[in-house]
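All remarks here apply to the structure that follows.
Derivation of every value follows stated rules applied to the coordinates shown; laboratory data play no part. Keep in mind the model is a prediction, meaning the values are calculated, not measured. Glycine gets a Cβ as well: all are built from the backbone with ideal geometry, and neighbour counts include every protein chain shown.
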Amino acid sequence: MSEDRDFGPQPLAALLEQWGLSHHDMVEVSPEQLTHKQVQRAAMGRKLTLKMKQKLARTLNFAIWGRFTNEERDAFEEYFPKHLFNYSKGYDAEARDINEDISQSLEDRKVRRDFLIELGKV
């Protein structure tokens, strides 16, 4: 693979681990038919189009959002491609995670059934 298309492990991979999410969790809640291969490529650093980076950011937000209680949702700030990919415009390697304080509370939770119904997944 050429150097200009492979950027190595991405912040997305660290965020998935931090939130206790698997590639399957991302695919399961994706409203945009995301595949396991797309998630794997994104996490491993394959250069993606802006549209695909946005799709992954939305899906990550859905995967996290669907595990929160209604009260917890107010504290969550959405992730954007600049938080997930080190080659995105606006990426800051020194920035800390915008949701660092609340991420530890979701590791053992599954996506809420009512959220899956809302997404048309059940």
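Things to note:
- Estimated distance in nm for a label pair at D114 and Q54, the labels positioned 7 Å out from Cα along Cα-to-Cβ: 3.0
- Structural descriptor for the range 3-119: relative contact order 33 percent, calculated from alpha carbon pairs under 8 angstrom and at least 6 residues apart.
- Cβ crowding within 10 Å ranks R109, R41 as R109, R41, fewest other Cβ atoms first.
- In the chain, the inverse of the mean reciprocal separation of distinct Cα atoms equals 14.8 Å; this is its Kirkwood hydrodynamic radius.
- Ellipticity estimate at 222 nm from DSSP helix runs (n ≥ 4, -39,500 (n - 2.57)) divided over the chain, nearest 500: -12000 deg cm²/dmol
- With a threshold of 22 Å on the Cα-Cα distance, the over-threshold entries among K89/K121; K51/K82; K47/K110 are K89/K121; K47/K110.
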